[in-house]
């Protein structure tokens with residue numbers, strides 16, 4: 001178990017109910033795989049929204065937060081803003097990457113190429129948040 005906080009925390013929509021919601025989670029996992037958990041970690045959206053004490057305290061200590069939403073509804077961003085959490089970066093698959101939400105119950109309607117496109121954009125956004133020397137990873 002790692003005890004150090006990551007430099008960047010990701011809140012991903014991670015809704016498995018649609019293709020774009022699933023893609024946000026897949027890309028977040030890929031970003032952690034590529035960059036390492038010392039650089040980036042996935043924050044629990046449900047635990048933060050429920051104000052679970054330990055999770056909430058840890059999230060508030062992370063200096064840089066990025067939020068990833070799958071569609072124009074912007075659920076993750078809007079829910080976090082109600083908790084007083086404003087991201088340093090925001091990525092929306094529909095608005096920023098042109099990946100259309102296919103609708104409810106389309107959980108597996110995406111390609112490996114789309115996962116890589118979203119992961120590439122997310123990794124670039126994370127690296128953009130890091131201080132100078134850390135970007136060289």
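Quick note: the coordinates plus some simple rules give every number you see, no bench work behind them. Just so it is clear, the model here is predicted, and its values are computed rather than measured. A quick note on method: Cβ atoms are made from the backbone with ideal geometry, for glycine too, and the neighbour counts reach across all protein chains shown.
The sole residue among 94, 109 that is in contact (Cβ under 8 Å) with a residue 12 or more places away in the chain, over 12 Å from the mean Cα position of the chain (by Cα), within 12 Å of residue 21 (Cβ to Cβ) and crowded, with 16+ Cβ neighbours inside 10 Å is 94. May I ask you to list the residues in the stretch 53-89 that are touching a helix residue (DSSP H, G or I) at 6+ places or on another chain (Cβ under 9 Å) and buried (at least 19 other Cβ atoms within 10 Å of the Cβ)? Matches in the stretch 53-89: 59, 65, 66, 67, 68, 69, 70, 71, 76, 80, 85, 87.
On the stretch given as the stretch 14-52, residues that are on the phi > 0 side of the Ramachandran plot and touching a helix residue (DSSP H, G or I) at 6+ places or on another chain (Cβ under 8 Å) total 1. For the stretch 1-32, the tally of residues that are closer than 26 Å to residue 107 by Cα and within 13 Å of the chain's Cα centre (by Cα) stands at 20.
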